[in-house]
Each structure stands twice: as C-alpha cells, then as structure tokens.
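Taking it in order: structure first as structure tokens, then the write-up.
The values are calculated or read from the model by the stated rules, or taken from the named source; none is laboratory data. Please read these numbers as outputs of a predicted model, since none were measured by experiment. Reconstructed Cβ throughout: ideal geometry from the backbone, glycine too, with neighbour counts over all protein chains shown.
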Amino acid sequence: MSEMKDLSNQLRTLEEQLVSCMKCGMCQSVCPVFEQTHKEADVARGKLVLLESLMNDIFDNPDGVNKRLNKCLLCGSCAANCPSGVKVTDIFIKARAIITGYLKLSFIKKIIFRKMLAQPKVFDWIIHMGAKLQKFVLTPSNDHTQTASLKILSPLLNHRSIVPAADIPFQKSIDQLMAKAKPTGPRVAFFSGCLIDKIFPRVGIATVKVLLHHNFQVIIPRNQGCCGIPALAAGDTLTFLSLVKYNLDLFPVEKFDYLVTACATCTSTLKKLWPSMVQNQTPGLEKQVSLLAEKTLDISQFLSSVAGLELQSESSETPKIVTYHDPCHLAKSLGVRKEPRDVIHASSGYTLKEMADPDRCCGMGGSFNLYHYDLSSKIGKIKKENIEATGCHTIATSCPACMMHISDMLSKGSSHIDIKHPIELYAQGIK
C-alpha cells in the first residue's frame, strides 16, 4: 500500500500539466490509433484521465495504465492539435518512466537496454554479427523497397518485411569519405543515429557529401551511441541518461558550430527530450544539454536556413515525380515542414507532387510497431494508399524509421516506388 502511495505522489509531479487538459476531445480527430480502435482509453484524453485516477488513488492498476500509455505512437498529433497547449508527449514519457520505476523493467528489457543499447561498442558488435548471419535467414523481396522477410518466422511475424542491416555501417565509411576533404568553413558535427549507421548508411554518406560540398568542416565522432529514445519510450531513464552523458562526451559543444542529424527522431530527441528529461539533474549537465540542443538542426533545416541551397541544373530527362511524407517528430514536434521540400525543389531530376495528408502518421512509432503490428499496419496502409495515389516514382521522407515502415507497407503491394531521404536526392546532383 505504501508503494502505491509513493507512485501516486510521484505522479503528482505531473499534476500541473494534467489539469490543463479541458477534456474537449479535439485529440480524437487527429489520433491515428483512435481512428482505428474508437476506444476512449486509446486517445490522449482517455489516457490522461487514467493517469489522474491513478494519481488520486481512485484505482490501483498501474500495470493496466502502463499498457494503455504504451499503446501510443508518441507521434505528437494530439499535442500539435491541443487548444490548451497540453504537452501530451512529455506527460506520457514522464509517466511511463514513473510507472516503470514502480513496476520495474522486465528481465529481457534490462538485457536489451542496459547490456546492449547502453553500451554502444557491444551494440555495434551484435548488429555487425547479425549483418553477417542475416543472409541465412532472410529472403530478399523482388521490388524496389530493398526489404526481406524471415524465411521461417514470417507467419509468426505477421508476414512483415524488414530492411536488412547494411553490410558496411556508416561509421566504417568515414575514413574514405573524409580522405581528400580540406574544407575551411564552419565546423559541423554529424550525429548519425542508429538507423542511419546500421540500416541506411547511404543517407549518412549523402549527408557528409553535401556538407563537404558546401565547404563545412565535418566532425564525426567514432563509436556514437543511440540518442536514447527507445529506452526513454520504455520508461528506462537510467539507460537514457547514461546515453545522454555518453554522447555529450563525444560531442563537446565548444568543438563545433552546429550539430546536424538526418534523422527526424534523433533531432527531436536532442532538441526537446534531452532538455526536458535532464531537469533536476546537475546544473552542469543541464547547461551542456541546453547548449547542444541550441546548436542542433535537421539537415534539411540546416541547408535551407544556414548553408544555402544550390539550385541544381535541370536534367535533360523527364523529371521523376517524388512525393514527401512529413515525419511526425519533424513536422509536429519541431515545425520543420518547408525545409525538406526546399531540398527536394533544389534537387535535379525531380518534381514534387504532394500526397493527401502528408503529415498523417505512417504508423511506425518505434516499439509500437513491435507490440501492435496489426494497428501499425492498418495506419500504414492509409499512408501507402496516399503515396501510390500520386503516381510517384519516389517517396521521400526525413525519418529512417518511417523509411523502414513505409518500405514494409509498399512491399505488400505491386508498386515499384523508390524510398529515399531528401538529402539523397540533393546529393545525386552534386558532381
């Protein structure tokens, strides 16, 4: 009983944010999960009511509340549409951390987060070994998505398609990329993120190629760690904070003028979640995180607002149609919508055609895709149909996780659509 009282008291730290919800229901109209389930407990308003009830000792089922909290994409659609300005995503993340502290992490999650993710060198080795072994268990698809399925476990995994790990991760390509570069411009640090390093190194290579072309001195620390969002979303603040400190040591803020990422989720995490979650830590840590967040920009935002885009010469071939998907963490969390389109417009050989509802969530949501793949697929199917309706040759998006899920969705149809990051399109035009 005393433990439940402690839990209630900890949740009271969120009380000021919780009471600002007017229960107007505006979140219902934009929540992609509610659109599919029509259950009040699956929308932000319902989850906030559950948290208030737990906080006020109206019922004592923290496990049930935690399951409802985790049935959320953390897409930020509710927060972006809230007339009261309730910071729903912040509340949910902090509440997950408080409740997980009470319930404790499962043994498997402790292994994944604290023995693997929190130790970048170990994590890199595991992925490296997996990349070597994947050819024995994966069957490549016959389309443009570059996905594959697990031969034996496909029925158990709902016949999902995955994007295989790259044979050579991005960080193994750094020396070759930087070999002949002698830029003299401002210093730009590049935070690659897990998915670009291990799944989409071509995005990292394109980013560095563009930065060097624009005469920036590129700083790429070795053995970078995860930004911490998977652990934080699971309520594991211990692993999250250890990764924040680890990466801060690799990226001392006085050593660079800007920090760029090509991952929408990493950008949002570094700019918003790092500062939010290190409050009440040591003043020195808070200051470091704040300074780093101020210098952090998405690569499209950096090119559009700082570097200056070069309008590339038109191709002699008929321009290919490209449509753009707005990642939730970039568009809704950071308000970055125009800049990726600026990059596409500046790229040679492409013409942009907008899809319906370009900022509709694709349904990925990180671990949501693992635990609720049926819902993730239903949401993703709508995105797939909107993409195909444009008749595009290429779908571009600024989020590697979105690239993975959209690849899975497109692999289930007969379309032959390439999936690219906007920076790849721009890099293609650099000689």
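Buried (at least 17 other Cβ atoms within 10 Å of the Cβ), under 16 Å from the mean Cα position of the chain (by Cα) and on the phi < 0 side of the Ramachandran plot - does that describe any residue in the stretch 273-282?
Yes, the conditions are met somewhere in the stretch 273-282.
Is it the case, given these coordinates, that ARG12 is in contact with a Leu (Cβ under 8 Å, 6 or more places away or on another chain) and part of a helix (DSSP H, G or I)?
For ARG12, the condition - in contact with a Leu (Cβ under 8 Å, 6 or more places away or on another chain) and part of a helix (DSSP H, G or I) - is not met.
Restricting to the stretch 94-121, give me the number of residues that are among the charged types (D, E, K, R) and in contact with a Leu (Cβ under 8 Å, 6 or more places away or on another chain).
Matching residues across the stretch 94-121 total 3.
Considering only the stretch 211-261, how many residues are closer than 18 Å to GLN171 by Cβ, out of contact with any strand residue (DSSP E or B) (no Cβ under 9 Å at 6 or more places or on another chain) and of a type in the set (S, T, N, Q)?
Residues in the stretch 211-261 being closer than 18 Å to GLN171 by Cβ, out of contact with any strand residue (DSSP E or B) (no Cβ under 9 Å at 6 or more places or on another chain) and of a type in the set (S, T, N, Q): 1 in total.
Within the stretch 216-224, is even one residue modelled with pLDDT of 95 or more and assigned to a helix (DSSP H, G or I)?
No: zero hits.
Let me spell it out: the conditions are (1) within 15 Å of PHE240 (Cβ to Cβ); (2) surrounded by fewer than 17 Cβ atoms within 10 Å (Cβ to Cβ), and ILE126 meets all of them except one. Which number is the exception?
The one condition ILE126 does not meet is (1).
Here are some conditions: (1) in contact with a Gly (Cβ under 6 Å, 6 or more places away or on another chain); (2) under 18 Å from MET403 (Cβ atoms). GLN312 meets all but one. Which one does it not meet?
(2)
Report yes if ASP342 is in contact with a Lys or Arg (Cβ under 9 Å, 6 or more places away or on another chain) and modelled with pLDDT of 95 or more, otherwise no.
Numbers: in contact with a Lys or Arg (Cβ under 9 Å, 6 or more places away or on another chain): no; modelled with pLDDT of 95 or more: yes.
It is false that ASP342 is in contact with a Lys or Arg (Cβ under 9 Å, 6 or more places away or on another chain) and modelled with pLDDT of 95 or more.
Among the residues in the stretch 292-301, are any among the basic types (Lys, Arg) and either crowded, with 20+ Cβ neighbours inside 10 Å or without any contact (Cβ under 8 Å) to a residue 24 or more places away in the chain (or both)?
No.
Would you call CYS72 outside any helix (DSSP H, G or I), on the phi < 0 side of the Ramachandran plot and over 25 Å from the mean Cα position of the chain (by Cα)?
No; evaluated as a whole, the condition is false for this residue.
In this structure, is LEU259 in a helix (DSSP H, G or I), outside the structural domain of LEU334 (by TED's automatic domain parsing), touching a Ser or Thr at 6+ places or on another chain (Cβ under 7 Å) and not small (Gly, Ala, Ser)?
No, not satisfied.
Among the residues of the stretch 337-367, write down those that are assigned to a helix (DSSP H, G or I), more than 30 Å from LYS109 (Cα to Cα) and of a type outside the set (Lys, Arg).
GLU339, PRO340, ASP342, VAL343, ILE344, HIS345, ALA346 - these are the residues of the stretch 337-367 that are assigned to a helix (DSSP H, G or I), more than 30 Å from LYS109 (Cα to Cα) and of a type outside the set (Lys, Arg).
Out of LEU330, LEU303, LEU285, LEU291, which single residue is in a helix (DSSP H, G or I) and within 30 Å of SER377 (Cβ to Cβ)?
Testing whether each residue is in a helix (DSSP H, G or I) and within 30 Å of SER377 (Cβ to Cβ) leaves just LEU330.
Output the qualifying pairs, or none if there are none: Cβ atoms under 8 angstrom, residues six or more apart or on different chains, first residue in the stretch 22-34 and under 12 Å from LEU48 (Cβ atoms), second residue assigned to a helix (DSSP H, G or I) and of a type in the set (D, E, K, R).
The qualifying pairs are LYS23/ARG45; CYS24/ARG45; GLY25/ARG45; CYS27/ARG45.
Say whether the condition of being in contact (Cβ under 8 Å) with a residue 40 or more places away in the chain, crowded, with 23+ Cβ neighbours inside 10 Å and over 21 Å from SER398 (Cβ atoms) is met by at least one residue in the stretch 184-206.
no
Conditions tested, residue by residue: (1) among the small types (Gly, Ala, Ser); (2) part of a helix (DSSP H, G or I); (3) under 30 Å from VAL19 (Cβ atoms); (4) modelled with pLDDT of 95 or more.
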{"residue": "ILE111", "(1), (2), (3), (4)": "no, yes, no, yes"}
{"residue": "ARG114", "(1), (2), (3), (4)": "no, yes, no, yes"}
{"residue": "VAL122", "(1), (2), (3), (4)": "no, yes, no, yes"}
{"residue": "LEU133", "(1), (2), (3), (4)": "no, yes, no, no"}
{"residue": "ASP143", "(1), (2), (3), (4)": "no, no, no, no"}
{"residue": "GLN146", "(1), (2), (3), (4)": "no, no, no, no"}
{"residue": "LEU157", "(1), (2), (3), (4)": "no, no, no, no"}
{"residue": "ALA165", "(1), (2), (3), (4)": "yes, no, no, no"}
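Pairs, please: C-beta under 9 Å, at least 6 apart or cross-chain, first residue farther than 10 Å from GLN288 by Cβ and in the stretch 248-262, second among the charged types (D, E, K, R) and part of a strand (DSSP E or B)?
Sorted first by the residue in the stretch 248-262, then by its partner, the pairs are LYS255/ARG187; PHE256/ARG187; ASP257/ARG187; TYR258/ARG187; VAL260/ASP298; THR261/ASP298; ALA262/ASP298.
Please state which one of THR239, THR184 is assigned to a loop (DSSP other than H, G, I, E, B), more than 23 Å from HIS421 (Cβ to Cβ), β-branched (Val, Ile, Thr) and out of contact with any His (no Cβ under 8 Å at 6 or more places or on another chain). Quick ask: steps written out before the conclusion?
Working: THR239 fails: assigned to a loop (DSSP other than H, G, I, E, B).
After applying the criteria, what remains is THR184.
If GLN176 satisfies all but one of (1) without any contact (Cβ under 8 Å) to a residue 40 or more places away in the chain; (2) farther than 30 Å from ASN70 by Cβ; (3) crowded, with 16+ Cβ neighbours inside 10 Å, what's the number of the condition it fails?
The one condition GLN176 does not meet is (3).
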